[in-house]
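The values are calculated or read from the model by the stated rules, or taken from the named source; none is laboratory data. This structure is a prediction, so every number in the text was calculated from the model and none was measured. Counting neighbours? That spans all protein chains shown, and the Cβs are built from the backbone with ideal geometry, glycine included.
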Amino acid sequence: MNATSILELKQQPYFLEHVRWDITPKVFLSPKVTARDGSVATIDTSYGYMLYVDLVDEKPAIIIMQLKELISKTVSYIDEAPEELLREAMQCAGKECIGGMYPLTEKLETWLKKELGLS
């Protein structure tokens, strides 16, 4: 798996339009959501890109997973994010951190959107 720079990602309109900010590791692994009224809905995790934090060569990085209907796959990672934001994301406790994948924190997501020119 190779690193991808933010500059490279900024030049990929398809990627930028298909980042699934609503998909977290928890949602990815369990896409059924129960609403307050008790109804159950399934979130479609068969397209786009999920971003999460994990270790690459012993260092935290933002992982890019391409979501597909049958088999999703990790396609790249971003290692340009500030380390303190990445480490903060890895301090996640509770049900949101699942399968060794850590969701983006609000601060990390805000930083990334700014760097990608999305905010």
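Worth a mention:
- When the residues of the stretch 7-47 are filtered to those that are basic (Lys, Arg) and either in contact with a helix residue (DSSP H, G or I) (Cβ under 6 Å, 6 or more places away or on another chain) or in a helix (DSSP H, G or I) (or both), the one that is surrounded by the fewest Cβ atoms within 10 Å (Cβ to Cβ) is LYS10.
- Condition met for VAL33 (modelled with pLDDT under 85 and either over 16 Å from the mean Cα position of the chain (by Cα) or under 17 Å from ILE63 (Cα atoms) (or both)): yes
- Qualifying residue in the stretch 92-102 (condition: closer than 16 Å to THR4 by Cβ and either in contact (Cβ under 8 Å) with a residue 24 or more places away in the chain or not charged (D, E, K, R) (or both)): no
- Residue satisfying condition, being outside any loop (DSSP other than H, G, I, E, B), surrounded by fewer than 17 Cβ atoms within 10 Å (Cβ to Cβ) and among the charged types (D, E, K, R), within set LYS95, LYS114, LYS68: LYS114
- All positions within the stretch 71-91 that are assigned to a helix (DSSP H, G or I) and either touching a residue at least 60 places away in the same chain (Cβ under 8 Å) or not charged (D, E, K, R) (or both): LEU85, LEU86, ALA89
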